[in-house]
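Inspection log for the structure reproduced underneath, given as structure tokens.
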Amino acid sequence: MNANVESLELKDRLSLIENMIAEGRRTTESWGWTFVLWGVAYYVAILWTSLGHFAWAWPITMVGAVVAMTLILRIKEKKLGAKPPETTMGRAIASTWIGMGISMMVLFPSLGISGRINEYIVVSVVAAMLGAVNASSSMILRWKMQFACAVVWWATSIFACFGKSNQVTIAFLVAIFFCQIVFGIYGMISVGRRVRQAAFHA
């Protein structure tokens with residue numbers, strides 16, 4: 001009897017964990033627009049840098065992206081009438097991304113102001129940070145697609161240490177396209193599909 005009860009409890013716990021992981025993945029997909037936003041912000045910073053404003057391009061663009069993201073979140077909250085409910089999994093994922101964002105916001109303005117910055121450092125550090133945060137998120141969510149993004153970022157980080165200037169820029173642009181723009185659009189499409197299915201079944 002005890003064995004049956006323990007077996008049922010174990011199944012319930014496993015089911016709860018699986019549901020939490022699935023909910024975390026759905027939450028991450030609903031943030032797909034932020035991947036696209038930051039991908040566009042990186043492209044703007046790179047374009048601005050190519051025009052000869054290297055020291056200030058990244059800090060100003062990153063601050064602009066934070067402001068844009070905050071405004072969009074406020075607009076979304078007003079449409080919903082309240083903040084979406086928080087989950088433990090959602091907080092865990094958000095914490096890793098916020099930690100990475102704060103690290104970037106502290107590091108790059110300091111490097112820019114000090115003048116000790118160049119494109120190889122920017123690409124290698126940004127790509128390594130994005131690799132780490134995508135890997136953490138993918139491991140929590142058991143999401144192979146996001147881990148593939150982490151691998152692309154890590155490869156880009158390594159390449160930035162050895163490649164030539166034009167090659168590094170191209171590698172970074174390609175990584176941004178696939179790991180930010182395409183991955184973000186994939187998340188947005190997944191959310192749209194779920195909304196349509198829910199409306200259809202309702």
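Rule-based calculations on the coordinates, nothing more; no lab input. Note that the structure is predicted; figures quoted are calculated from it, not measured.
A few points about this structure:
- Projected onto planes of every orientation and averaged, the convex hull of the alpha-carbon atoms in the stretch 115-202 covers 7.0 nm².
- Quarter the surface of the alpha carbon convex hull of the stretch 63-189 and you get the mean projected area, 8.7 square nanometres.
- The smallest convex shape that holds all Cα atoms of the stretch 117-168, its convex hull, gives 50 Å³ per residue.
- Linear extension gain, residue 91 paired with residue 170, 0.36 nm per residue minus alpha-carbon span: 25.0 nm
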